[in-house]
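Asks: Next up is a structure, given as C-alpha cells.
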Amino acid sequence: MAISDRKLIAIAILAGVVGLAAFIGFIGQGNVRHVEIFWTEKVEQTVVFQDIDGKVQLKGISGIKGEENPHLITRTGFAYILTVINEGDKHHRLYIEGVEVQTDLLEPGQQDIITIYPTEEGLYKYYDKREQLNHLGFLEIKTVVPSDEFTGFLKDMI
C-alpha cells in the first residue's frame, strides 16, 4: 500500500464523517419530518348563562374560576376557543364588543362555540345581547413576551 493510497483512504474517511455530521445536523434541525411537531397553541374556556332571581349572569365552568361574570383572559397569537352554554330559562346571545363576534341566539339547553385569533392586545366588554345589550364582564387579550426578550434580573432566572 503506497502513501497516496493511505492519503486517499484518510480523505475518504474524513469526507464520510463530515458528510454524516452534516446529514445528522440537517435532520436534527427539523428539516425532515413527516408530521408537524408543534401543535397549534390555544386557550379553551367554557361559560354558562344562568338566570338567577331575574338577573342574567355568566359563570365560568372550565378554564375559568367559577365566579359570576368572570374576567376572561387570553393571549395574542393563540386561538381562543370559548364554549357558551345556555343553562338559563330564557334565550341568550353572548356578544363581544370590539372583537365583533357573537354566538347564535341560544335557546335553553343549547350551546355554541366562538373561536377568535387575537392579534393585538385589548380590553373588550362582553354582553348578553337580546333586545338590548346587557353588560356582563370583560375579555382581556394580552401579549406574552418570549423568555429571550427578558432583561435584567429576569434573564438571569431563566
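Read-outs throughout are calculated quantities, based only on the coordinates presented, and are distinct from any laboratory measurement. Computed from a prediction, not measured in an experiment: that's the story for all the values here. Cβ: placed from backbone, ideal geometry, glycine included. Neighbour counts: every protein chain shown.
Asks: Between ILE52 and THR115, take the C-beta separation as r, use R0 = 41 Å, and let me know the FRET efficiency to the nearest 0.05. Intermediate values should be presented prior to the final figure.
Replies: On the way: r = 28 Å, r/R0 = 0.69.
Efficiency, from the Cβ-Cβ distance: 0.90.
Asks: Next question. Let me check against my output: what whole-number percent is the relative contact order of region 42-142, with C-alpha pairs under 8 Å and at least 6 apart?
Replies: This gives 28 percent for region 42-142.
Asks: For the pair ARG130/ASP5, report the inter-label distance in nm, with labels modelled 7 Å from Cα in the Cβ direction.
Replies: Simple spin-label model gives 9.6 nm for this pair.
Asks: Continuing with this model, one more query. For LYS55, go through the aspartates and glutamates and keep the ones whose alpha-carbon is under 12 Å away, minus same-chain ones fewer than eight residues off.
Replies: GLU68, ASP89, ASP128
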